[in-house]
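Worksheet: the structure to be examined is printed underneath.
The values are calculated or read from the model by the stated rules, or taken from the named source; none is laboratory data. As the structure is a prediction and not an experimental result, all values here were calculated from the model. Because the Cβ atoms are built from the backbone with ideal geometry, glycine has one as well, and the counts that use them run over all protein chains shown. Each accessible area value is taken on the protein alone, full model and side chains, heavy atoms only, with ligands, DNA and RNA left out. Shrake-Rupley method; radii C 1.70, N 1.55, O 1.52, S 1.80 Å.
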Amino acid sequence: MEKNEYEWVKQTRQILLEQCTEIKENDFTRESGFGFQSIRDTLVHVAGCYHAWLGSFVLSETTSPLLTKEAIEKMQIGDIQLYFQQADKYVNAVFERFTVTFDDNIEKELSWKEGSGTVRKTPHQLLTHSITHEFHHKGQIVAMLRLFGYIPKNTDILGLSE
């Protein structure tokens, strides 16, 4: 994974986030019956993955990376965009700080999950996990949009203009 490849991830995410600004607010928080139930909750979950694995585990910049249910319920699309912007800062910091040690293991307990035991992963593995996790859930969000009567925009990397 290289920094320019992560730019593709951000571009496809931005397409989805922009579409989310165009849907009805009650559809943004409407429960779908699968995944993390709503588009809002799924987006927060996706960004939270970057915060937990990169911001907390890899970079040790936060010990409580995940938001409470009460905080999530108050979030609007703008708040979620800011949450992703902080996630992007974590990704950039990983690229900068772990250039030479990208594939070296980090071994420690999860700050956000008491009693988790020792976890041993590399920054490379956790960045890859965060990105594949995002694309998995992006597919769920696209499915939710379809269920709610919207025509999802193309969020595939191959759909990006050159």
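Quick notes
- Accessible surface, per residue, of the chain when the full set of protein chains is kept, probe 1.4 Å, Å²: 55 Å²
- Net +/- balance of residues flanking E18 in space, Cβ distance below 14 Å, scoring K and R +1, D and E -1: +3
- Ellipticity at 222 nm from helices only: DSSP H runs of n ≥ 4 in the chain, each -39500 (n - 2.57), divided by the residue count, give -17500 deg cm²/dmol.
- Cα shape, the range 122-162, gyration tensor, a/c 1.5 rule: oblate
- Cα gyration tensor shape for the range 1-89, rounded if a/c is under 1.5, else prolate or oblate: oblate
- Charge dipole of the range 46-162 about the Cα centre (unit charges at C-beta), most positive-ward option of L110, V46, V94: V46
- Cross-link pairs beyond the 24 Å C-alpha cut-off, checked among K24/K153; K74/K138; K121/K153; K89/K153; K74/K108: K121/K153; K89/K153; K74/K108
- Entry for semi-axes √(5λ) of the Cα gyration tensor in Å (calculated from the structure that is shown) out of (i) 28, 19, 12; (ii) 42, 15, 13; (iii) 32, 19, 15: (i)
- The Cα atoms of the range 7-59 give a gyration tensor whose axes a ≥ b ≥ c have a/c of 1.5 or more with a/b no greater than b/c, which makes the shape oblate.
- Neighbour cut-off at most 15 other Cβ (10 Å), DSSP loop, trypsin sites (Lys or Arg not before Pro), the range 63-162: K74, K113, K153
- To put it simply, the accessible area of the chain at a 1.4 Å probe is 49 percent carbon and sulfur.
- Going by accessible surface with a 1.4 Å probe and the largest first, M144, M75 read M75, M144.
- For the range 45-85, GluC sites (Glu not before Pro) meeting the loop criterion (DSSP other than H, G, I, E, B) and having at most 15 other Cβ atoms within 10 Å: E61.
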